[in-house]
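So the structure is just underneath, and the comments pick up after that.
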Amino acid sequence: MKRYPTYIPVAEPNLGGNELKYVTDCVKSGWISSLGKYVGQFEENFATFCGSKYGISACNGTVAIHLALVALGIGRGDEVIVPSLTFVATANSVLYTGAKPVFVDSEMSTWNIDPSEIEKKITKKTKAIIVVHLYGHPAKMDEIMKIARKHNLSVIEDAAEAHGAMYKKKRVGSIADIGCFSFYGNKTLTTGEGGMITTNKKKLANDMRFLKDHAMSATKRYYHPKLGYNYRITNIEAALGVAQLEKAEVFLKKKREIALKYTKLLQDIPSLLFPPEESWAKNSYWMYSIVLKPGTKIRRANFMQKLKELNIDSRPFFIPNHTFPYFEGSKKKDQYPVATFLGANGVNLPSSVLLKNEQIEFISEAIHTLLQ
Ligand SMILES: *Cc1c(COP(=O)(O)O)cnc(C)c1O
C-alpha cells in the first residue's frame with residue numbers, strides 16, 4: 001500500500017465554530033484571567049449538558065479529581081479504589097492527598113473496573129471508589145453504587161474520556177457523588193487545558209468552589225481558614241469551552257458515525273476485538289479502539305509501526321498503573337489479568353471529528369492488509 005498523502009492524527013480539535021469569536025471577545029475586553037463571563041456560562045452549560053445541578057470548573061482534569069477527593073475529606077491513612085487500567089492521573093490524584101490507591105482489575109465486557117472484584121479490596125481504611133469510563137464506555141454504575149452504599153463509600157466518576165456517554169438514561173458524571181472531566185486538547189470537547197467537576201450536592205459544590213480559589217474566607221479577605229489551591233480555569237479557556245459545547249451533540253453524532261464505520265469495515269477480521277457497547281450503555285467513542293487477540297500474526301508494536309509508515313497515527317492502550325514503580329511495582333501482574341491483556345494488546349485508532357470517510361476507509365484497508 002502507498003502511504004496516505006497527509007498524516008492522520010489520533011486526535012485533532014475542531015475549533016471551527018464560535019471559538020475564535022469568543023476568545024477574541026476575551027482579548028478585546030481584557031478579561032483574560034479566571035474572572036469573566038465565560039467561566040460561569042461554561043459551568044452552567046456543562047452542568048446542564050450532563051444533567052447535573054452544579055458545574056465547577058478547574059484548570060485541568062487531574063486537579064478536578066484531586067479537588068473532589070479533598071472535598072470528600074480523603075487524606076493520609078485512607079484508601080481509594082481505582083481501576084488499574086486508566087490514564088495515570090486517576091491514581092496520581094489519590095496519592096496527592098496522601099491516601100493510597102488500591103487497584104482493581106477490569107472486565108472484558110466494558111473494559112472498565114470489574115464490580116465483582118471491588119469488595120475483595122475494601123478494608124476499614126477504604127473511603128471512596130473512583131470509576132473511569134474508559135475510552136467512552138460507561139462503567140457498571142448500579143452495581144458500583146450498590147457496593148458503595150453498603151460500605152458507606154463515596155464514588156467519583158472520572159469521566160475525562162466520556163463526555164456525553166450515557167449510562168441507562170443518564171449522562172455520565174451525573175450518577176455518582178461527583179463527576180470529573182478533562183478538556184485537554186485531545187478530549188471530545190476541549191479547551192486546550194481545562195477541567196470540570198459536576199455534582200448534585202450543594203455542600204460539596206460550595207466546598208469545592210471555596211477550595212479551588214485558595215480557600216479564602218467569603219467574609220474576610222485574605223483570611224484562609226483551610227489549605228486551598230489555585231485550580232481556576234481562565235476566561236479564555238472557558239470561552240473555548242462555551243463554543244465547543246454548542247457543537248457537543250454534533251461531535252457525539254460524528255464520533256458514533258466514525259465508530260460504526262470502522263466496525264463495519266473491520267468486523268470480518270477474526271483476530272480483532274471491537275469497542276464494547278452494552279445494551280444499557282451509549283458509548284461516546286472518545287477513541288475508537290481495537291484489541292489484537294492472542295495469536296494475531298503481527299505484534300502490536302510492529303502493527304503500529306507499519307501504520308505509522310502509512311501516515312496513520314495510533315496509540316497503545318494505557319499501561320496498567322499497578323506496574324509503575326511508585327505504586328505496587330510490577331510483581332502483581334497475575335492479579336490483574338484483564339487489565340494486563342487489554343493494556344498489552346489495545347490500540348486507539350484515529351478518531352477525530354475531523355476524520356473523513358475516505359480516511360477511515362484507507363485505515364481499514366491498511367489494517368486488513370496487515371492482519372490478514
Ligand atoms: C485526560 C484524563 C485525565 C486528566 O486530565 P488532564 O486534563 O490531562 O489533567 C484524567 N483521567 C483520565 C481517564 C483521562 O483520560
*For segment 278-320, what log10 I(q)/I(0) values come out of the Debye formula at q = 0.21, 0.22, 0.23 1/Å, with one point per alpha carbon and no solvent?*
-0.85, -0.90, -0.94
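Go through Tyr229, Tyr336 and list them by solvent-accessible area, largest first, probe radius 1.4 Å. Don't jump to the answer; show the numbers that get you there.
On the way: Tyr229 45, Tyr336 0 Å².
The most accessible residue leads, giving Tyr229, Tyr336.
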*Zero-based 10 Å bins, Cα pair distances in segment 120-272, whole percents*: 10, 29, 32, 21, 7, 2, 0
*asked:* Treating only the Cβ of Lys, Arg, Asp and Glu as charged (+1, +1, -1, -1), what charge dipole size does the chain show about its Cα centre? Round to the nearest 20 debye.
replied: 600 debye
_Anisotropy class of segment 1-137 from Cα gyration tensor, a/c 1.5 cut_ = oblate
*Using +1 at the Cβ of each Lys and Arg and -1 at the Cβ of each Asp and Glu in the chain, identify which of Leu227, Gln335, Trp111 lies farthest towards the dipole's positive end.*
Leu227
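What is the projected area of the convex hull of the Cα atoms of segment 1-80, averaged over all directions, in nm²? Mind dumping the intermediate values first?
Numbers: hull surface 42.3 nm².
Averaged projected area of segment 1-80's Cα convex hull equals 10.6 nm².
Express as a percent, rounded to the nearest 5, the fraction of DSSP beta bridges in segment 149-243 (both residues included) that run antiparallel. Display every interim value, and only then the final one.
Details: 8 of 12 bridges.
Beta bridges within segment 149-243, antiparallel portion: roughly 65 percent.
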*Which of the lysines could a cross-linker span from Lys247 if the Cα-Cα distance has to be under 19 Å and same-chain partners fewer than 8 positions apart are dropped?*
Lys21, Lys187, Lys255, Lys282, Lys356
*Can you pull the percent of the chain's accessible area that's carbon plus sulfur, 1.4 Å probe, other chains left in place?*
55 percent
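Using only the Cα atoms of segment 220-342, build the gyration tensor, take square roots of its eigenvalues as a ≥ b ≥ c, and label the shape rounded, prolate or oblate: rounded if a/c is under 1.5, else prolate if a/b is larger than b/c, else oblate.
Details: a/c = 2.34, a/b = 1.39, b/c = 1.69.
In terms of gyration-tensor shape, oblate.
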*For segment 76-139, count all C-alpha to C-alpha pairs, find those more than 14 Å apart, and express that count as a whole percent of the total.*
51 percent
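Could you tell me the convex hull volume per residue, in Å³, taken over the Cα atoms of segment 56-207?
That works out to 97 Å³ per residue.
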*Restricting to the chain, compute how many DSSP beta bridges are antiparallel as a %, nearest 5.*
55 percent
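Indicate the gyration tensor shape class of segment 48-88 (rounded, prolate or oblate), computed on the Cα atoms with a ≥ b ≥ c the square roots of the eigenvalues: a/c under 1.5 is rounded; otherwise a/b larger than b/c is prolate and the rest oblate.
On the way: a/c = 1.97, a/b = 1.48, b/c = 1.33.
Cα axes put segment 48-88 in the prolate bin.
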*Which distance in Å, rounded to a whole number, links the C-alpha centroids of segment 101-115 and segment 33-56?*
31 Å
*Using alpha-carbon pairs under 8 Å, 6+ residues apart, how would you state the relative contact order of the chain in percent?*
24 percent
*Over the Cα atoms of the chain, what is the Rg over Rh ratio if Rh follows Kirkwood?*
0.98
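The values are calculated or read from the model by the stated rules, or taken from the named source; none is laboratory data. This one's a predicted model, so the numbers in the text were calculated from it and none came from an experiment. Virtual Cβ from ideal backbone geometry, glycine too; neighbours counted across all protein chains shown. Surface accessibility is based on the protein's heavy atoms, side chains included, excluding ligands, DNA and RNA. Shrake-Rupley method; radii C 1.70, N 1.55, O 1.52, S 1.80 Å.
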